[in-house]
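Derivation of every value follows stated rules applied to the coordinates shown; laboratory data play no part. Quick caveat: nothing in here was measured; it's all calculated off a predicted structure.
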Amino acid sequence: MLLLPVAALVDDHGRGLRVIEAPFKVEFFHDFKTTGEKWAVVFTDEEALRGWDTLHPFIGLDARLIFKMMIEKNFDLLYINLFHDKQVRVVGWLTRTEIEMLAAGTIPDELGSHHARMKLQREAELTVSSPANQLRDDVINALTDIAVKLRGLKEIWYFGLSINGGPVHDALGVRCTKGIFSMSPDKIIRTLMTRVQPLLLDGQTLDVIVLERIDDETSRHSQVLWRRA
């Protein structure tokens with residue numbers, strides 16, 4: 001369960017701690033970044049929430065239900081324990097792609113081997129392999145043209161992803177560096193996809209995942225599209 005600050009409850013559930021599993025109407029507390037992303041925030045406990053705001057109303061919800069509701073309401077980012085000490089509690093954020101994975105029962109983890117396992121509620125396995133399709137030159141050119149302008153982007157890899165031995169989905173893996181002038185990974189991903197999306201054919205999909213590291217075995221089954229000199 002996570003604690004969700006709310007602007008208002010449409011249904012008569014009252015405020016405070018409520019563990020609710022059935023679908024219901026609720027107005028998330030939310031805001032927009034200067035770049036346009038719509039974000040919300042959740043907390044792992046009331047102490048963390050009150051460290052952010054001492055009076056804001058909240059409800060307790062099943063985490064997976066929150067993720068599903070965020071997709072329905074077109075949120076781009078979900079912050080966790082905003083403004084709290086990283087040494088005390090989990091602090092970070094989830095991108096739209098990660099929210100969709102969590103809503104489906106998949107817990108994102110780093111990709112680091114050819115058979116890159118992810119922690120899944122359904123004991124699924126994510127496998128990195130050769131991509132099912134070749135990217136067209138105009139798509140690759142669009143990626144490389146914009147990549148050089150994205151501060152903090154280190155590499156772009158292209159590979160295939162399959163879950164539980166299912167169909168292979170084409171995906172990009174981005175490796176980023178941390179620095180005071182670096183863009184956030186979610187902004188890098190959004191910028192790349194904004195540039196490439198118009199070039200994709202009808203029915204064509206292209207996932208994007210942040211890679212913490214990539215080993216020799218994975219690199220043999222992947223293609224480096226761009227690397228910062």
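Quick notes on this one:
- Of LYS33/LYS68; LYS73/LYS149; LYS149/LYS178; LYS38/LYS154; LYS68/LYS154; LYS73/LYS154, those spanning more than 23 Å from alpha-carbon to alpha-carbon: LYS73/LYS149; LYS38/LYS154; LYS68/LYS154; LYS73/LYS154
- Gyration tensor verdict on segment 164-229 (Cα atoms; rounded if a/c is under 1.5, prolate if a/b is larger than b/c, oblate otherwise): oblate
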